[in-house]
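Below is one structure; the comments refer to it alone.
The values are calculated or read from the model by the stated rules, or taken from the named source; none is laboratory data. Given the structure is predicted, the values throughout are model-derived calculations rather than measurements. Neighbour counts are summed over all protein chains in view; Cβ atoms, including those assigned to glycine, are modelled from backbone coordinates with ideal geometry. Please note that ligands, DNA and RNA were not included when accessible areas were found on the heavy atoms of the full protein model with its side chains. Shrake-Rupley method; radii C 1.70, N 1.55, O 1.52, S 1.80 Å.
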Amino acid sequence: CVSPKELCYSPTDGTTRFTCKGKQIHQFISTSTFTEYTVVHETAVVKIDAVAPPEKVCLIGCGFSTGYGAALSTAKVERGSTCAVFGLGGVGLSVVMGCKAAGASRIIGVDINKDKFAKAKELGATECINPQDFTKPIEDVLMELTGGNGVDYSFEVIGRTDTMVSALASCHMNYGTSVIVGVPPSASQITYNAMLLFTGRTWKGSIFGGMHMRRRSGFSEILSTVLLIREYLGPKMG
């Protein structure tokens, strides 16, 4: 990170602990976890309990927890609901698994890369669609697929403002909830029809899947996720 505008942050004193060839480097989202050593604020540190195996805990980084938690903690997907997941990369697949764990009866994966469909279905998606196969907006396609109602929950896991609006528009107009999971471009702005929210939709953002690891309940979230990884994800995503 070379610019504070690109989701790069400095300690509270305004300085940075990193330099490269004499140039200051900022910390990505205040952590810089790709470094071998890092200096972070105490609120960004969580002690790993001895019973948690490191080779499994390492998967509870942004990728898995963000997607899985977005479905369970942020959206609070309900049993029997219909979900749409925009973007089937690693985080998107984690959303799919979170929706499945919550008991969603229908999980629609949306991606322009059909090569991702098989894995998505293996992990819980009931169907997958490619927006490029249609001439109409993807939100209209999803409306048709749900009998004109829209999905109960949608998740944008790409980081594009246009798909964020599409995900919102694909929700049920009165009680649908859309969650922004993908990181948007720096300083980007969203333009949308205000009626999308006026009718009753809910629009949320999710960082790290809404998990609070420093709370006492946070370790329970970690441990349950580790068990899921060990018993279900290990052979499929390892």
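The table for this structure:
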| read-out | value |
| --- | --- |
| Net charge of Cβ neighbours under 11 Å - reference SER166; Lys, Arg +1; Asp, Glu -1 | -3 |
| Accessible area of segment 60-210 belonging to carbon and sulfur atoms, whole % at 1.4 Å probe | 53 |
| Net charge, GLY150 excluded, C-beta distance under 13 Å - Lys, Arg +1, Asp, Glu -1 | -2 |
| Members of LYS21/LYS116; LYS76/LYS116; LYS136/LYS204 lying beyond 28 Å, as alpha-carbon distances in this model show | LYS21/LYS116 |
| DSSP-defined beta bridges in segment 60-210 - what % are antiparallel, rounded to 5 | 0 |
| Net charge of neighbours whose Cβ lies under 13 Å from the Cβ of THR202, counting Lys and Arg as +1 and Asp and Glu as -1 | +2 |
| Mean Cβ neighbour count within 10 Å, used as a protection proxy, ranking 92-99, 70-77 highest first | 92-99, 70-77 |
| Magnitude of the charge dipole, segment 60-210, Cβ model with Lys/Arg +1 and Asp/Glu -1, debye to 20 | 320 |
| Shape call, segment 60-210: gyration tensor on alpha carbons, a/c limit 1.5 | rounded |
